[in-house]
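The next block holds one structure in the form of structure tokens; read it before the comments.
Nothing in this text is a laboratory measurement; each read-out follows from the coordinates by a stated rule. Bear in mind the structure is a predicted one, so any value in this text is a computation, not a measurement. All Cβ positions, glycine included, derive from the backbone under ideal geometry; neighbour counts span all protein chains shown.
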Amino acid sequence: MISSDIRSLIQKYDIPCPRYTSYPTVPYWKDTPSNIDWEDSVRQAFDRSYSKGISLYIHLPYCEKLCTYCGCNKRITANHAVEKPYIDTLLKEWQLYHTLFGRQPIVSEIHLGGGTPTFFSASHLQYLIENILSTSYIPSHPEFSLEVHPNYTKKEQLQTLYHLGFCRLSVGVQDFDEKVQYIINRPQTFEQTKRVFEDARQIGYTAINADIIYGLPLQTADSIRMTIDRVQKLRPERIAFYSYAHVPWKSPAQRRYTEADLPQSDQKRALYELGRELLLQAGYHEIGMDHFALPVDELYKAHQKGTLHRNFMGYTTQSTELLVGLGASSISDTWTAFAQNSKEVEDYMHEVEQGRLPISKGHMLTDEDLAVRKHILNLMCKHNTSWIEETPPYMKDALIRLKVLEEDGLVELNSHHIQVTQTGKLFIRNIAMHLDEHYWQSQSTQQVFSKSI
Ligand code: SF4
């Protein structure tokens, strides 16, 4: 049950708002690096943080069936002949980065995302990962993980990747209610999902994450109750409880349903509150935004130690300074610059075939961007941020803007510190947005974001 105070805050703050997996956020990138500038930035980040190792995000964009709610960059096909040429291109792109590094990298983290990574056969996944590992040093406890859709995951694929060092799995659940599954075009039984959990546990995977989404079309309190009850029986170490992002102008398949099918803002928030309560009762702890973990989980431990980090892959325990994104639409991050690969598979493959890094857009961060980036990261990971030097001009502006949020009980402010309150944690995206200079200077592009609740 949501109190009337919270309900009025929801009405006030449920506005389009970035998710802050990067700062500046993608719509405000303006200073795209040339290929030469980007290569310099990669080399510098690689040398600066060599011993920490690098993170690799590999985008595998193919899916057999379209889930209508999906906002990912994906390509729907049943033609598996696409696998080998795509993997060959990924390896060529990796080789381009490897040449830039000038020496063998330490790969601390690999994440296979998509699309559906398990669209690819076990032998193709093996070919991809073996080639990368054979040209890298691997630390004693690497973080290798992959996303899976239970309907398209075979035990053999999990086994193959486990032998290559993968021990983390992220299982897409979303909702077990059949009427929700029908409208999002994602029929997925509890038994299929349970089988993947059992296979993974039996093989030796030690950390499993389940993704659940609240705010989906036709979703009710009963759907959330049933979904969380079933998921918590599987005991994933982590649960990501994401807010559905309604952006039909970017993801036209979302037009299969209308706004009227979606829980409205206070109903949506009530679904989150219900889910949160059920997860806490089941022994999970809230971590950062939309994430819950059991005390045995590394993310929980990092949260307790204050070492939680956030990047394009979401919350992570690794804070490498160089994230290399391979594949169509992948984003790379050198801490001082971002670059995104071409989104269309054909454009991406063409560029790599020509021996060029397939960058389509990016941003070189200014000193002010870097400072704000750090503060937003602190707020998202630790719910507070401080500065010791004289308050810089961008922060003076932010503090003025944040006054209203202080009056609403979302933050506590003093001249060198911002503290998010318990109520404020529900509105963390809104709070971060008040530090976002690009947002406030570009009123015309604010509507590109999904709503904050
Ligand atoms: S939700 Fe996953 S499986 Fe479904 S279309 Fe999107 S990327 Fe593919």
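Structure values in brief
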item: Estimated vicinal HN-Hα couplings, Hz - the stretch 160-169 in sequence order (Karplus 6.51, -1.76, 1.60; Gly, Pro = x); result: 4, 6, 4, 5, 9, x, 7, 9, 10, 9
item: Under Karplus coefficients 6.51, -1.76 and 1.60, residue-wise ³J(HN,Hα) of the stretch 99-110 in Hz, glycine/proline x; result: 5, 4, 4, x, 8, 5, x, 8, 9, 8, 8, 10
item: The chain: relative contact order in percent, alpha carbon pairs under 8 Å with at least 6 residues between; result: 22 percent
item: Beta bridge orientation in the chain: antiparallel %, DSSP, nearest 5; result: 45 percent
item: For Ala207, residues with placed amide H under 5 Å, excluding near neighbours; result: Leu169
item: Net charge of neighbours whose Cβ lies under 15 Å from the Cβ of Lys382, counting Lys and Arg as +1 and Asp and Glu as -1; result: +4
item: The chain pair-distance distribution - Cα-Cα, 10 Å bins, rounded %; result: 4, 20, 32, 29, 13, 2
item: Long-range HN-HN contacts of Phe144 with modeled amide H, under 5 Å; result: Ile110, Cys167, Arg168
item: Leu326 long-range amide H proximity, modeled H, under 5 Å; result: Tyr57, Ile58, His59
item: Which listed pairs, of Lys305/Lys396; Lys305/Lys343; Lys382/Lys403; Lys154/Lys233; Lys154/Lys268, have C-alpha distances above 26 Å, in listed order; result: Lys305/Lys396; Lys305/Lys343; Lys154/Lys268
item: Karplus-derived HN-Hα couplings along the stretch 419-435 (A = 6.51, B = -1.76, C = 1.60, θ = phi - 60°), whole Hz, x at Gly and Pro; result: 10, 7, 7, 4, 5, x, 4, 5, 10, 4, 5, 5, 5, 4, 4, 6, 9
item: Translational D in µm²/s for the stretch 192-343 (Stokes-Einstein at 10 °C, 1.306 mPa s, Kirkwood Rh from C-alpha pairs); result: 91 µm²/s
item: Paired Rg and Dmax values of the stretch 201-272, which use every Cα atom, in angstrom; result: 14.7, 44
item: From the C-alpha gyration tensor of the stretch 248-337, square roots of 5λ in Å; result: 29, 25, 9
item: Label-point separation, Gln354 to Ser123 (7 Å along Cα→Cβ), nm; result: 3.4 nm
item: Cα centroid of the stretch 68-137 to Cα centroid of the stretch 300-363, whole Å; result: 13 Å
